[in-house]
Each structure stands twice: as C-alpha cells, then as structure tokens.
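Trainee: Just dropping this structure here.
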Amino acid sequence: MDSRPARIALLEQLQAEGVRFMFGNPGTVEQGFLDELRSFPSIQYILALQECTAVGMADGYARATRTPAVLQLHSGVGLGNGIGMLYQAMRGHAPIVTLVGESGLRYDSMDAQMAADLVGMARPVTKWATRVVDPDSTLRVLRRAFKVAATPPYGPVLVVLPADVMDHETAEPVAPVSYPETRSLPTPDTVAKAAALLADARKPLVIAGDGVHFAGAQAELGRLAEVWGADVYGADWAEVNLSVEHPAYAGQLGHMFGEQSRKITGGADGVLIVGTYALPEVYPALDGVFGAGVPVVHIDLDSGAIAKNHPVDLGIVADPKATLRLLADALGREMGLGRRTAAVERLRRHAAQRSAALAKADERAEAAAEAAELPTIALAKEFARRLPADAILFDEALTASPALFRRLAPTVPGQWMQTRGGSLGVGIPGALGAQLAHPDRTVVGFTGDGGSMYTFQALWTAARYGLPTKFVICNNGSYKLLEDNIEEYWREQRIPAHEQPEIFDLSSPAVDFVSLAGSLGVAAVRVEKPGQAEEAVAQALAHRGPFLIDLVTAKGKG
C-alpha cells in the first residue's frame, strides 16, 4: 500500500469497518485527523457541546446497535470531563472505541499544557487503554481496540493518538477486524451436573442480568424458568432480558442496599445466576446472600463475573443462549413428571399473586395521582396509546420509572434501555445515540430534572442535526432518589425521620425547562395536570423535530 500519514490511515480503517458516526467535542491536538474527515463523507462527525454528552450519545448508539461506537475526546481535559460517563459505559458493557488526542511524544518531558497520563486516567473506566507510539502500528492497535470492545464482556476502550505520530507516514495496510466466535458450549457432563444440583429446588431463583440480552437469550431464559418453576429477578438489569409480562418475571433485586436483596436471595433453595455478577448494589451484603448449603450455578461469558464476590458450586463459562437451552432440557429430564408438574403450578401461583399485587398497587397509585393532580400516569397512558409498536424508550426517569414503565411495559428486546452505572445525565444523549442508530423509529428519552442538567446541552445537538427524538423531564424539583435513599439510611441507622437536607432541593430557583429547551432550538411544553397529557403527547409525536415535555411529578415543586 502507498504511504500516507497515519492520521489518514486511521480514517481509512474506520471507513473499512463501516463506522457511520464519530461522536465528540474537538480540540487542537486532534485537528489533524479531524480536518481529514472532509475526505471521508461516509463518517459523520456528531458535535457535542461537552464531553459527557458525546460519551452519552456513543453509549446510546453502541447499546442500540450492539456494535462499537467511535468517540473522540480532547487530551487530558476532555477525557477528564468524560470520565464519569465512561464509567457508566463500562458498568453497562457498552462497546465504545474512544480516541483521545494529545500534543505528541516529543513533548513527554515538558509537562506541557493539558498534558496528562491519559492511559492511567482511563484504566479504571475502560476495558483496555493504550497509546500509539509507532505510526506503523496505528491500524494494528485500532483493530485490537475494536476487537476488545466488542468481545464479551463488552466495554469501552481507549486509544491515545499523539499528534506527531499521526503526522508520520505509514504504509500499514487496512485489514478487517478479527472478532472471535464466543458461542461456546459446556460439555454434556457439565450440563448434567448443573441439572442435578438444581433439580430438587422447591423455591428456585434465577438472578439474571444484561449478559442475557447481549447473548440474545431471552426466549431461552423464559423457557428455563418455566421448566424449573423459578422466579426471575434482575441484577444489573438495564435491557429487556425477559419481558416484564412473562409469568416468571418477579422484579429487580435491590439497586442500593444488599439487605433488600438478601430478603429475596436468602429464601431460595436453588439459585441460577446468568449474565451478571452477585450482586451489584451500592451497599452490598458482605455475606449470607444465599442460604447455607443452597446450590448455586453461575453461567456467563465473563469469567471474571463468576464467583466474583460469593462462592458458587458450579461456574460455567459459556454462551448463555445455548447453555440455558441445554440446561432446560436437562432439568426437564432430571426433575421427572412430578416435579415438572409442581413447577408449572408454582409458577402459575406466583404469577397470579404478582399480578394481583400489581393491580392493587396501580389502583393506589392512580387514586393518589388523581388526588394530587399529578400527570405522570396520564402521560404514560397517552404514550402507551399513541407510540408506534417499534418505539424505543431510554429510561433515566429513576424515581418516576415505576409509574411510567408499568404502562410502557418493557417487553421487546432492544426497545427499552435503562441507565446503569450511577452517572447522571445519560437520558438525553443516550436517546440521541439510539435515534442515530435507528433514524426511522420513534425514540423517547426519559430523565429527571436533576439528571437532565448534567447534559441538557445535548438538546442543541438534537436541533443541529434535526433529530426527531422526544424527551420527557420528570420534574420533581429535587434529587428525589437521594431523598428516598437517606430515608432508608435513617431507618437502618435508627435515626428519627427529620427534614430533608436543603442541598437535595432543586426548586429554588426553579429551572424553566421550556425556555431553556427553546434557547437550544428545541420546542417544549410543560405538563402540570393530567388533562394536559393528551395534547402534549400528541403535539410531541406530531412535531417533526426534537420535542421536550417538562412533566411535573411532585406537587408544589418544579
């Protein structure tokens, strides 16, 4: 191949890989390869006004396509701004290839402006981080970055691109990325051992996470739960790993406190973990998660997740989709007719109990909402009535999520994505990334008033590129999740309930989200009462460009 600057070879490799978008915020040290983008019209640069919004868009795009997204950040300051959202992407296993520019190798000894150990900064929030030091290895390193990002467990990676290396000539050829085949199978003996460990359970429990989604194993998980008569609980669950309308779906384990999870996990007499680790709370239980002598089987392509925090009786590093299918068959044989019949009845009974409990909860919620004149449920019902069947929902509504997504039930894989990792602000840019992945589908991003202010400038990007994404700000005038969490803390520490800390309040001064959205080129309306929901949703869905609804979810605030 003819020699050309490494900055051009870099873009040739991206083009050959089919990259459609580069998300980023430009800086001087990247100007060489960014300037060359004019010669690569198949790669569109999506401009963000701050690095967190760029990372959030890349996260949403990577999740919606399940392929690597390309992200560009600017030296130490740009990477620093994006670290929190990269942590979000790492916790959610989003395959992102992050390209970070720096001034050059020749300046390493100078402690120059914006200089930093970029690889060191990125290591805690990436699956792999490296620096190109030889122009003739630029494409080799880039291909490795794509491979690592898109090999289970997926995750963000980082490649530092010194400007002087990018300006050097290279004849390194472009070649396809080599992605390994990971659909491995356990041996028949291993499957039989797992079935023997689990078959006698009378209170079986499945703990599942997003590894099920990445493997496309939703149907296999549902069938195994039916055969075994097991309740399925989510942990690190931010995708549709099982339809919430499946009779085995029992809800989520505690996100914040391990003691809440232990109330469920401690009562099981047989446990299957698949596609997650045990257990990802903020304050996890250190021991006693499973009962003494209870058999625990763990299936995952991520060997590091198996027995990460608690011992298991059998760990199986294999494809969840094929392994769940084999295990369901083996359990059916091992259990025999009597136990299979009991499993069917157990699942039917549990599903009926859950359905009745949810119906009562819905009645109470709707009665309370009507009394308080809160429009959350009304808005959810209007979206449920009007949204196209293939609409994509990005959920960062947090405390408003239960009320919203009982009516907008997550049932179809790929059509509901939830925030994960704890970094606020992914709701707006994540929805934009999903929209770029699926330009012909309706995408709605739900976030909170507090979370939205981390990345509200992403609305400017939506307007700039004419993206028709719809947004809902669930506006309670506070960091409501913190209010809920501190009340739990008071209960655990036996501290009498008292006034909430003033620093959790966001209502003084109140943010005018409608005016703020308008200043960024996005049409918006405010919804304060249930009767306003119908018109607001109709207006949003009819509008050809981006549209925002400021939804008041707490009376007297917002």
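Residue by residue, here is whether (1) of a type in the set (Asp, Glu); (2) more than 24 Å from the chain's Cα centre (by Cα); (3) at pLDDT 95 or above holds:
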position	(1), (2), (3)
Ala351	no, yes, no
Arg364	no, yes, no
Ala368	no, yes, no
Phe383	no, no, yes
Pro388	no, no, yes
Asp395	yes, no, yes
Thr399	no, no, no
Thr411	no, no, yes
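Trainee: Sort out which residues of segment 405-420 are over 22 Å from Met85 (Cβ atoms) and out of contact with any His (no Cβ under 9 Å at 6 or more places or on another chain), and write them in order of number.
Mentor: Scanning segment 405-420 gives Phe405, Arg406, Arg407, Leu408, Ala409, Pro410, Val412, Gln415.
Trainee: Of the residues Glu220, Glu239, only one is of a type outside the set (S, T, N, Q), crowded, with 21+ Cβ neighbours inside 10 Å and touching a His at 6+ places or on another chain (Cβ under 7 Å); which? Step through it out loud before you land on a result.
Mentor: Numbers: Glu220 fails: touching a His at 6+ places or on another chain (Cβ under 7 Å).
Going through Glu220, Glu239 in turn, just one is of a type outside the set (S, T, N, Q), crowded, with 21+ Cβ neighbours inside 10 Å and touching a His at 6+ places or on another chain (Cβ under 7 Å): Glu239.
Trainee: For segment 173-198: of the residues being more than 30 Å from the chain's Cα centre (by Cα) and β-branched (Val, Ile, Thr), which is surrounded by the fewest Cβ atoms within 10 Å (Cβ to Cβ)?
Mentor: Among residues in segment 173-198 that are more than 30 Å from the chain's Cα centre (by Cα) and β-branched (Val, Ile, Thr), the one surrounded by the fewest Cβ atoms within 10 Å (Cβ to Cβ) is Thr187.
Trainee: If you check Arg262 against the conditions, is it of a type in the set (Lys, Arg) and either touching a helix residue (DSSP H, G or I) at 6+ places or on another chain (Cβ under 6 Å) or touching a residue at least 60 places away in the same chain (Cβ under 8 Å) (or both)?
Mentor: It is false that Arg262 is of a type in the set (Lys, Arg) and either touching a helix residue (DSSP H, G or I) at 6+ places or on another chain (Cβ under 6 Å) or touching a residue at least 60 places away in the same chain (Cβ under 8 Å) (or both).
Trainee: Looking only at residues that are of a type in the set (Gly, Ala, Ser) and under 18 Å from Leu436 (Cα atoms) in segment 7-33, which one is surrounded by the fewest Cβ atoms within 10 Å (Cβ to Cβ)?
Mentor: Filtering segment 7-33 down to residues of a type in the set (Gly, Ala, Ser) leaves 9, 16, 18, 24, 27, 32.
Imposing the further condition that a residue be under 18 Å from Leu436 (Cα atoms) reduces the set to 18, 24.
Working: Gly18: 11, Gly24: 28.
Among them, the one singled out is Gly18.
Trainee: Related question: Return the pairs, sorted by first residue and then second, in which the second residue is modelled with pLDDT of 95 or more and in a loop (DSSP other than H, G, I, E, B), the first residue lies in segment 62-77 and is closer than 13 Å to Val97 by Cα and open to solvent by 20 Å² or more (accessible area, probe 1.4 Å), the beta carbons are less than 6 Å apart, and the residues are 6+ apart or on different chains.
Mentor: Pro68/Pro95; Pro68/Ala150
Trainee: Another one. Provide a single number: the residues in segment 35-51 that are open to solvent by less than 30 Å² (accessible area, probe 1.4 Å) and outside any loop (DSSP other than H, G, I, E, B). Quick ask: steps written out before the conclusion?
Mentor: Looking only at segment 35-51, we keep the residues that are open to solvent by less than 30 Å² (accessible area, probe 1.4 Å), and these are 36-37, 40, 43, 46, 48, 51.
Imposing the further condition that a residue be outside any loop (DSSP other than H, G, I, E, B) reduces the set to 36-37, 46, 51.
Number satisfying all stated conditions: 4.
Trainee: May I ask you to list the residues in segment 386-405 that are surrounded by fewer than 17 Cβ atoms within 10 Å (Cβ to Cβ) and in contact (Cβ under 8 Å) with a residue 24 or more places away in the chain? Show your work before the answer.
Mentor: To start, the set of residues in segment 386-405 that are surrounded by fewer than 17 Cβ atoms within 10 Å (Cβ to Cβ) comprises 386, 388-390, 402.
Matches in segment 386-405: Arg386, Pro388, Asp390.
Trainee: Quick check: anything in segment 241-254 modelled with pLDDT of 95 or more, in contact with a helix residue (DSSP H, G or I) (Cβ under 6 Å, 6 or more places away or on another chain) and among the small types (Gly, Ala, Ser)?
Mentor: yes
Trainee: Picking from Asp167, Asp111, which residue would you name as being more than 26 Å from Gln50 (Cα to Cα) and of a type in the set (Asp, Glu)? Show your work before the answer.
Mentor: On the way: Asp111 fails: more than 26 Å from Gln50 (Cα to Cα).
Unique residue meeting the criteria: Asp167.
Trainee: A further question on this structure: Applying the selection to segment 303-314, what residues are within 24 Å of Val148 (Cα to Cα) and open to solvent by less than 40 Å² (accessible area, probe 1.4 Å)?
Mentor: Ala305, Ile306
Trainee: Would you confirm, using the coordinates I've provided, whether Val227 is open to solvent by 10 Å² or more (accessible area, probe 1.4 Å), closer than 30 Å to Pro135 by Cβ, aliphatic (A, V, I, L, M) and touching a residue at least 24 places away in the same chain (Cβ under 8 Å)?
Mentor: no
Trainee: I've got another one for you. Taking Asp550, is it assigned to a helix (DSSP H, G or I) and closer than 30 Å to Val282 by Cβ?
Mentor: So Asp550 does not fit the description; no.
Trainee: Please name all residue pairs, on different chains or six or more residues apart, with Cβ atoms under 9 Å, provided the first residue is in segment 342-353 and is within 17 Å of Ser243 (Cβ to Cβ) and the second residue is of a type in the set (Ser, Thr, Tyr) and not in a helix (DSSP H, G or I).
Mentor: Ala351/Tyr249
Trainee: Pick from segment 80-89 the residues that are surrounded by 24 or more Cβ atoms within 10 Å (Cβ to Cβ) and in contact with a helix residue (DSSP H, G or I) (Cβ under 6 Å, 6 or more places away or on another chain): which of them is nearest to Ala48 (Cα to Cα)?
Mentor: If we take residues in segment 80-89 being surrounded by 24 or more Cβ atoms within 10 Å (Cβ to Cβ) and in contact with a helix residue (DSSP H, G or I) (Cβ under 6 Å, 6 or more places away or on another chain), then Gly82 is nearest to Ala48 (Cα to Cα).
Trainee: While we're here: For segment 263-283, which residues satisfy the criterion of being crowded, with 21+ Cβ neighbours inside 10 Å and part of a helix (DSSP H, G or I)?
Mentor: Within segment 263-283, just Thr265 meets the criteria.
Trainee: For segment 437-453, enumerate the residues that are in contact (Cβ under 8 Å) with a residue 60 or more places away in the chain and either outside any helix (DSSP H, G or I) or surrounded by fewer than 24 Cβ atoms within 10 Å (Cβ to Cβ) (or both).
Mentor: Applying the first criterion (in contact (Cβ under 8 Å) with a residue 60 or more places away in the chain) to segment 437-453 yields 437-438, 442, 444, 449, 452.
Once the filter is applied, which keeps residues that are in contact (Cβ under 8 Å) with a residue 60 or more places away in the chain and either outside any helix (DSSP H, G or I) or surrounded by fewer than 24 Cβ atoms within 10 Å (Cβ to Cβ) (or both), segment 437-453 yields Ala437, His438, Thr442, Val444.
Trainee: With the structure loaded, tell me whether Ala58 is open to solvent by less than 20 Å² (accessible area, probe 1.4 Å) and among the aliphatic types (A, V, I, L, M) or whether it fails that test. Don't jump to the end; show me each part of the working.
Mentor: Numbers: open to solvent by less than 20 Å² (accessible area, probe 1.4 Å): yes; among the aliphatic types (A, V, I, L, M): yes.
Answer is yes for this residue.
Trainee: For segment 471-478, indicate whether the set of residues that are open to solvent by 10 Å² or more (accessible area, probe 1.4 Å), under 18 Å from Leu398 (Cβ atoms) and in contact (Cβ under 8 Å) with a residue 60 or more places away in the chain is non-empty.
Mentor: yes
Trainee: Of all residues in segment 479-491, count the ones that are under 16 Å from Ile503 (Cα atoms), part of a helix (DSSP H, G or I) and free of Cβ contacts under 8 Å to residues at least 40 places away in the same chain.
Mentor: Selection size over segment 479-491: 4.
Trainee: Moving to a separate point now. Ala201: assigned to a loop (DSSP other than H, G, I, E, B) and more than 24 Å from the chain's Cα centre (by Cα), yes or no?
Mentor: yes
Trainee: Need the failing condition index for Tyr465 against (1) under 22 Å from Phe214 (Cβ atoms); (2) of a type outside the set (A, V, I, L, M); (3) more than 20 Å from the chain's Cα centre (by Cα), just the number.
Mentor: That leaves (1) as the condition not met.
Trainee: Restricting to segment 511-540, name every residue that is open to solvent by less than 50 Å² (accessible area, probe 1.4 Å), part of a helix (DSSP H, G or I) and among the hydrophobic types (A, V, I, L, M, F, W, C).
Mentor: Answer for segment 511-540, where residues must be open to solvent by less than 50 Å² (accessible area, probe 1.4 Å), part of a helix (DSSP H, G or I) and among the hydrophobic types (A, V, I, L, M, F, W, C): Phe513, Val514, Ala517, Ala533, Ala536, Val537, Ala538, Ala540.
Trainee: Let me ask something additional. Could you check segment 244-262 and list, in sequence order, the residues that are assigned to a loop (DSSP other than H, G, I, E, B) and touching a strand residue (DSSP E or B) at 6+ places or on another chain (Cβ under 7 Å)?
Mentor: Within segment 244-262, Ala248, Leu253, Met256 qualify.
The values are calculated or read from the model by the stated rules, or taken from the named source; none is laboratory data. In this text the structure is predicted, and so the values were computed from the model without any measurement. In this analysis, Cβ positions are derived from the backbone assuming ideal geometry, glycine residues included, and neighbour counts consider all displayed protein chains. Ligands, DNA and RNA are stripped out before the accessible areas are found, and what is left, the full protein with its side chains, is counted by its heavy atoms. Shrake-Rupley method; radii C 1.70, N 1.55, O 1.52, S 1.80 Å.
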